[in-house]
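*Asks:* To start, I am sharing the structure in question, which I have written as structure tokens.
The values are calculated or read from the model by the stated rules, or taken from the named source; none is laboratory data. All values derive from a computational prediction rather than experimental measurement. Please note: Cβ atoms are built from the backbone with ideal geometry, for glycine as well, and neighbour counts cover all protein chains shown. All accessible areas refer to the heavy atoms of the entire protein, side chains included, with ligands and DNA or RNA removed. Shrake-Rupley method; radii C 1.70, N 1.55, O 1.52, S 1.80 Å.
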Protein chains: 4
Amino acid sequence: MPVRTFASDNNAPIAAEILQAVVAANDGDAVGYGHDPYTERALERLREIFGSSSDVYFTFNGTGANVVALSCLTQPYEAVICPATAHLQTDECGAFERFSGCKLLAVQCENGKLSLENLKTFAHTSREEHHVQPRVVSLSQSTEFGTLYDPVELRELCAYAHAQGWYVHMDGARISNAAAAQGLGLREATRDLGIDVLSFGGTKNGLLGGEAVVFFDGSLHRGAAPFARKQAMQLASKMRFIAAQFLALLEDDRWRTYAAHANAMAKLLEGRIRKIAGVRITRPVQCNAIFATLDRKAIETIQQRFFFYVFDEHLPEVRWMTHHATREEDVAAFADAVASSLGN
Amino acid sequence: MPVRTFASDNNAPIAAEILQAVVAANDGDAVGYGHDPYTERALERLREIFGSSSDVYFTFNGTGANVVALSCLTQPYEAVICPATAHLQTDECGAFERFSGCKLLAVQCENGKLSLENLKTFAHTSREEHHVQPRVVSLSQSTEFGTLYDPVELRELCAYAHAQGWYVHMDGARISNAAAAQGLGLREATRDLGIDVLSFGGTKNGLLGGEAVVFFDGSLHRGAAPFARKQAMQLASKMRFIAAQFLALLEDDRWRTYAAHANAMAKLLEGRIRKIAGVRITRPVQCNAIFATLDRKAIETIQQRFFFYVFDEHLPEVRWMTHHATREEDVAAFADAVASSLGN
Amino acid sequence: MPVRTFASDNNAPIAAEILQAVVAANDGDAVGYGHDPYTERALERLREIFGSSSDVYFTFNGTGANVVALSCLTQPYEAVICPATAHLQTDECGAFERFSGCKLLAVQCENGKLSLENLKTFAHTSREEHHVQPRVVSLSQSTEFGTLYDPVELRELCAYAHAQGWYVHMDGARISNAAAAQGLGLREATRDLGIDVLSFGGTKNGLLGGEAVVFFDGSLHRGAAPFARKQAMQLASKMRFIAAQFLALLEDDRWRTYAAHANAMAKLLEGRIRKIAGVRITRPVQCNAIFATLDRKAIETIQQRFFFYVFDEHLPEVRWMTHHATREEDVAAFADAVASSLGN
Amino acid sequence: MPVRTFASDNNAPIAAEILQAVVAANDGDAVGYGHDPYTERALERLREIFGSSSDVYFTFNGTGANVVALSCLTQPYEAVICPATAHLQTDECGAFERFSGCKLLAVQCENGKLSLENLKTFAHTSREEHHVQPRVVSLSQSTEFGTLYDPVELRELCAYAHAQGWYVHMDGARISNAAAAQGLGLREATRDLGIDVLSFGGTKNGLLGGEAVVFFDGSLHRGAAPFARKQAMQLASKMRFIAAQFLALLEDDRWRTYAAHANAMAKLLEGRIRKIAGVRITRPVQCNAIFATLDRKAIETIQQRFFFYVFDEHLPEVRWMTHHATREEDVAAFADAVASSLGN
């Protein structure tokens, strides 16, 4: 029986159709660096989905996607407003700062979500040269806490940002989970709400590895994107294998099938957990993550069988994630382990 | 029939055993970021090969490997001596400079090979703060012209560099081709000659994608390597799939089988080309690349059937490369096309 | 009558003895970049004051001093803990981030002062490569709010930082004001309390322009400091003129005379302000700055005669500063203007 | 008698009128960071000289001026073409690369002068993302060898660069010497020939310290210049004292008087040197520098009395410089010392 973790959607295997697409693409030679028919078709398909003015760049990983996206929108004296809990701020080891020289303006906020009030505090930044100039708002959908901005919220945040002359970047490492949860299409969940640039995640939704930076208006990066991707060490020579994965992911809306399944497994787990005494769910469960607090010893007991992360050592607060390949019996086994660890 | 190019070894498909290893690794969940059994085994295997003091970091691509390796050996006021024709200098879009802030000291040299004389010109750099301080010598084996340093040359260059207090980095995107051509083991071709850090190439030798930075002495990077890899956006979350490829590449010395085949195909092509009137081979053919000059119109004629690059528009000089999957009939077809384009 | 502002101590003229020293140093040629007798003497004098293991580097300005100091103590994946209100964080336009690629970890705190509690939140930072690693604590003495850490506080903060393996940097743009206020010598106020590196301010205490980075242990920067200063564009060719100013500042403890005068003028102003109805002093007045809140219209009225900054537009909160050349009659005229603006 | 060196024009004292201007500006308070009447007047004067579309930024030193100028004209994947002997390339410790992340494309050329042929080699750079994109040509006038581009040459280089879409930056650390030698005005010697941005040197022509970055078209930097200067740690708080120096330098064309004197002293020295057996002048003497080769022991003998630099240890080749304060008797004494060292 395959090992299951509840640590992260990046612990998941490759979805069968995706792996099959990689195998199928391994047919003879193909010109490198994206000048191959797989990449051409994948980019065409992404432009169909996101609109013909879109300009798309595949990258290896999510940190790479965020750095390419943001560095193309900023000059080194400009800054990016983001939640203090953004992956960009807490889990990317300052890659963006090192690569771009820019500053992140990290904001305390609730459940990983920026509010209009948060943005307003930057509206009156002095234009004098003593101060970095806010230029981009970066938000994650779904957030690092598995929560969601609803479409009305996003529309409002984007409108406010644009009124200030700021761009809005979405870290969509899990945009598929968000769109699936809200019954939206990929474009409806992003561009149509006012997002300017999307880091479109694949790796956490069943891919071997690959992300896509989508500029909804190709003129936004002023010609910088191909160079930024190369300098960010994100230009794959055998790009056909990333492209083939995206083609498979987009075919038959598999992105939605995988993500919806992950979400459903989290809901299933949530239902089970809520019945267990001694564990408290700490955040709204809106996608494929559950945050909870429980006894430290119980955590250790469960971890002997299932790998997962303690997010906040102080409480302690743990994170449990599901993914495209999580099965109902995995959820049952895990919930049983939680219950048993707490003497239920 | 599969398409064949003679453009680059990165146009090649994935070798069958490598792809099979990826498929086999797709078994259940695995902890991310290298804390999985595949990565553990692959790192152990690499330490067996390169010596137990080695410290190894997988990366996505060659530019990433070079940047991680070099940035761990330098402070921002230190510089890297390299050939003016190094991939690092000409084909990585300044990724190293942007990431590290360091300067490359690019040296004019022949057939892509640094000489002792080249190094000596940096021996008396003033230690005053007006001048960047040479700290690393970076050389490519095989070179970007498909030529080789012989072991005696390398030993001498390394000894000289070490006497100056410099490290030696090898861009080994094609180290397997070099070692195969010289009948050396991987360690014999690198560490044993005095190399300090190796970018060990996989992508150009049959992998889907993956490289390894090998510090032969783990203390060289002073704890920086894991962080540098993360900041360089080269830390794969699903690292098991890179590790599994390396395990397969190292098993039964497949690295040598693939590379030796590529070399043999180049030799075969060389033999054919030398018999064709109107084409002149311009560099020693020592691995899997042939550089040649021929009539501009003939080039265009051949390119209608086979993709390859014109390296130097002025002569013009073209590059033809073979790889692990090049077949004798591909060589024959290509040589026929060259002959026919020149009216032979 | 000379113009007086109450905006900043950097609006002050050059102190007479300092200017005289510049004039006196203008005698014939002198070798550039610090290889002159003035610089030699000034460095010797600074080592006498701060201890013979000290290593000192003059810079042009305070941002330059901070950047040189901090960049010598950090690798690009390491971070600097500082107050959210630090000059470094708010008023240096991200110069440190751009130059070093490092991240600042900005902490909400009171009256510009880091507390032990603030530091403790960083003590358990994961050592994994996903996270930047705290390496230096930077604090300002006196703070940007004119407040002071007392020696016991500083000793405790330094001891805690050192126990974590962190260095402590003091932004001493106004260390003279602090030392004068506390009756301490320069060494007693810095090194003796545990500070590792000091940005020793001159410009705000009567100089034409010049600061000094003082590493109390010269081995801390591992040879990087001269190069970092040059790369930070802070190496003066005619360095004798910075050195001569420092010699004059240190002679007869003029640094103390100037700073004590500035402090006394602030005390005088405080006394006057406290008697005026409609204005409230918002921070402890411990050096040469007074923060106050008063009616917006009154502010505008005063500003018609005296230039000063509104620090926080929301309250509004203003900052009034005194300096070495502020005279009692200036204070009287200013206090009268405040009183009159409020109908007193 | 004052010490004289023949090492560099930055070993010179401050010119009397310049120092007087600093003293005169020391009158009461003045608002910081350039919002003072001296700066306003100096900027106005510079716009009168260089044209009303000019936008000017004072900096502390020449490296700072070059870095501010060039970083405002480039994106991080763009590159600057310059002579291999440019101060920017050899004597600024990679400050530009560290600050901007950009690459310098250093060109071998004669007597420090770029030729049209040099530029042409970059005209066909591939626009693919593998390669940095040339964006600016930086040339020094006078050059680091004391030689001059004549106006026709400069006009031709600028026209060629502009046709390629490149900007032209002039490192004018010694533009006054050049303009004086060629009988041109400051604008005639720069903007009127096609230069886009000038680093206008003051420190080497009699100032205490100060340079000015002059964008001849203020739109070139797209709003970046004030921020770039601040991030480059070149924003002086007491800017009035730099501005006052420039006002004095420009008054009565003192820049020309000082520079012409320095040039004349070099001519005088050249005349004396040419009569001495055993010393050979190696470069055209066109401004205030003489390069010469002579016996190594003679060099040491002269250096016992006069400080100067050996530029190239191999020949050996020395550099002797004159400046605004070099007197005829200094030249005579120095020439005597040279003669005597060679037994003349």
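*Asks:* Filter the stretch A:75-86 down to the residues that are open to solvent by 10 Å² or more (accessible area, probe 1.4 Å) and either in contact with a strand residue (DSSP E or B) (Cβ under 8 Å, 6 or more places away or on another chain) or more than 13 Å from chain D (Cβ to nearest Cβ) (or both) and list them by number.
*Replies:* A:GLN75, A:TYR77, A:GLU78, A:ALA84, A:THR85 - these are the residues of the stretch A:75-86 that are open to solvent by 10 Å² or more (accessible area, probe 1.4 Å) and either in contact with a strand residue (DSSP E or B) (Cβ under 8 Å, 6 or more places away or on another chain) or more than 13 Å from chain D (Cβ to nearest Cβ) (or both).
*Asks:* Could you list, in sequence order, all residues of the stretch D:310-332 that are part of a helix (DSSP H, G or I), open to solvent by 10 Å² or more (accessible area, probe 1.4 Å) and of a type in the set (A, V, I, L, M, F, W, C)?
*Replies:* Residue satisfying the conditions is D:ALA332 alone.
*Asks:* Separate question: Report yes if D:GLU129 is modelled with pLDDT of 95 or more, open to solvent by 10 Å² or more (accessible area, probe 1.4 Å), in contact with a helix residue (DSSP H, G or I) (Cβ under 6 Å, 6 or more places away or on another chain) and within 29 Å of A:TYR77 (Cα to Cα), otherwise no.
*Replies:* yes
*Asks:* Is it fair to say D:THR59 is facing chain C (nearest Cβ under 7 Å), of a type in the set (Ser, Thr, Tyr), closer than 30 Å to D:ALA161 by Cα and under 21 Å from the mean Cα position of the chain (by Cα)?
*Replies:* Considered against the rule, which asks whether it is facing chain C (nearest Cβ under 7 Å), of a type in the set (Ser, Thr, Tyr), closer than 30 Å to D:ALA161 by Cα and under 21 Å from the mean Cα position of the chain (by Cα), D:THR59 comes out as no.
*Asks:* Evaluate the stretch D:166-174: report whether one residue or more is away from chain A (no Cβ under 14 Å), open to solvent by 10 Å² or more (accessible area, probe 1.4 Å) and farther than 27 Å from D:PRO13 by Cβ.
*Replies:* Yes: the stretch D:166-174 contains one or more residues that are away from chain A (no Cβ under 14 Å), open to solvent by 10 Å² or more (accessible area, probe 1.4 Å) and farther than 27 Å from D:PRO13 by Cβ.
*Asks:* Is it the case that D:ARG256 is open to solvent by 40 Å² or more (accessible area, probe 1.4 Å), within 11 Å of another protein chain (Cβ to nearest Cβ) and under 30 Å from D:CYS158 (Cβ atoms)?
*Replies:* It is false that D:ARG256 is open to solvent by 40 Å² or more (accessible area, probe 1.4 Å), within 11 Å of another protein chain (Cβ to nearest Cβ) and under 30 Å from D:CYS158 (Cβ atoms).
*Asks:* Next up: What do you reckon, is A:ARG305 open to solvent by 40 Å² or more (accessible area, probe 1.4 Å) and modelled with pLDDT of 95 or more?
*Replies:* In short, no.
*Asks:* Tally the residues that are of a type outside the set (A, V, I, L, M) and either out of contact with any Phe, Trp or Tyr (no Cβ under 9 Å at 6 or more places or on another chain) or not assigned by TED's automatic domain parsing to the domain that holds A:PHE246 (or both), restricting the search to the stretch A:31-58.
*Replies:* So the count comes out to 10.
*Asks:* Hey, another quick one. Just to be sure before I move on: is A:ASN61 closer than 20 Å to B:PHE241 by Cβ, of a type in the set (S, T, N, Q) and in contact with a Ser or Thr (Cβ under 7 Å, 6 or more places away or on another chain) in the structure I sent?
*Replies:* Yes.
*Asks:* Failed condition for D:SER140, given (1) open to solvent by 40 Å² or more (accessible area, probe 1.4 Å); (2) in contact with an Asp or Glu (Cβ under 7 Å, 6 or more places away or on another chain), with all others met?
*Replies:* Unmet for D:SER140, out of (1) open to solvent by 40 Å² or more (accessible area, probe 1.4 Å); (2) in contact with an Asp or Glu (Cβ under 7 Å, 6 or more places away or on another chain): (1).
*Asks:* Another question, if that's okay. Within the stretch B:1-56, how many residues turn out to be more than 7 Å from chain A (Cβ to nearest Cβ), outside any helix (DSSP H, G or I) and not polar (S, T, N, Q)?
*Replies:* Within the stretch B:1-56, residues that are more than 7 Å from chain A (Cβ to nearest Cβ), outside any helix (DSSP H, G or I) and not polar (S, T, N, Q) number 10.
*Asks:* Of these, A:ASP252, A:ASP336, A:ASP295, which one is of a type in the set (Asp, Glu) and either in the same structural domain as A:SER142 (by TED's automatic domain parsing) or closer than 30 Å to A:ALA189 by Cα (or both)?
*Replies:* On inspection, the qualifying residue turns out to be A:ASP252.
*Asks:* If a residue must be assigned to a helix (DSSP H, G or I) and more than 11 Å from chain B (Cβ to nearest Cβ), how many such residues does the stretch C:226-249 contain?
*Replies:* Adding up the residues that qualify gives 10.
*Asks:* Identify the residue in the stretch B:88-112 that is surrounded by fewer than 21 Cβ atoms within 10 Å (Cβ to Cβ) and of a type in the set (D, E, K, R) and, among all such residues, is nearest to the other protein chains (Cβ to nearest Cβ).
*Replies:* This residue is B:ASP91.
*Asks:* Test C:PHE307 against the criterion of being in contact with a Lys or Arg (Cβ under 7 Å, 6 or more places away or on another chain) and either not in a helix (DSSP H, G or I) or not charged (D, E, K, R) (or both), and give yes or no.
*Replies:* So C:PHE307 does not fit the description; no.
*Asks:* Kindly evaluate B:TYR149 against the criterion of being open to solvent by 30 Å² or more (accessible area, probe 1.4 Å) and either out of contact with any helix residue (DSSP H, G or I) (no Cβ under 9 Å at 6 or more places or on another chain) or away from every other protein chain (no Cβ under 14 Å) (or both).
*Replies:* no
*Asks:* Now for a different question. Of the conditions (1) charged (D, E, K, R); (2) more than 16 Å from the chain's Cα centre (by Cα); (3) within 30 Å of D:PHE241 (Cα to Cα), C:GLU153 clears all except one; give me its number.
*Replies:* Single failed check for C:GLU153: (3).
*Asks:* Look at A:VAL213 and say whether it is touching a residue at least 60 places away in the same chain (Cβ under 8 Å), β-branched (Val, Ile, Thr), within 14 Å of chain D (Cβ to nearest Cβ) and buried (at least 24 other Cβ atoms within 10 Å of the Cβ).
*Replies:* Judged against the criteria, A:VAL213 is a match.
*Asks:* On the given criteria, is D:ALA264 over 16 Å from the mean Cα position of the chain (by Cα), assigned by TED's automatic domain parsing to the domain that holds D:ASP29 and small (Gly, Ala, Ser)?
*Replies:* no
*Asks:* Within the stretch C:194-210, can you find the residues that are open to solvent by 10 Å² or more (accessible area, probe 1.4 Å) and of a type in the set (A, V, I, L, M)?
*Replies:* Passing the criteria: only C:LEU208.
*Asks:* Now for a separate question. Return only the number of the condition from (1) more than 25 Å from C:TYR149 (Cα to Cα); (2) surrounded by 15 or more Cβ atoms within 10 Å (Cβ to Cβ); (3) more than 13 Å from every other protein chain (Cβ to nearest Cβ) that C:PHE291 does not satisfy.
*Replies:* (1)
*Asks:* Return the only residue of D:GLY223, D:GLY271 being open to solvent by 10 Å² or more (accessible area, probe 1.4 Å) and not in a helix (DSSP H, G or I).
*Replies:* Within the list D:GLY223, D:GLY271, the selection yields D:GLY223.
*Asks:* Does the stretch D:34-43 include one or more residues that are hydroxyl-bearing (Ser, Thr, Tyr), open to solvent by 10 Å² or more (accessible area, probe 1.4 Å) and closer than 17 Å to D:GLY201 by Cα?
*Replies:* Taking every residue of the stretch D:34-43 in turn, none turns out to be hydroxyl-bearing (Ser, Thr, Tyr), open to solvent by 10 Å² or more (accessible area, probe 1.4 Å) and closer than 17 Å to D:GLY201 by Cα.
*Asks:* One residue is enough: does the stretch C:302-316 have a residue meeting the conditions within 17 Å of C:ALA266 (Cβ to Cβ), acidic (Asp, Glu) and within 25 Å of the chain's Cα centre (by Cα)?
*Replies:* No, the stretch C:302-316 contains no residue that is within 17 Å of C:ALA266 (Cβ to Cβ), acidic (Asp, Glu) and within 25 Å of the chain's Cα centre (by Cα).
*Asks:* Does B:GLU251 satisfy the criteria of being in contact (Cβ under 8 Å) with a residue 12 or more places away in the chain and open to solvent by 40 Å² or more (accessible area, probe 1.4 Å)?
*Replies:* yes
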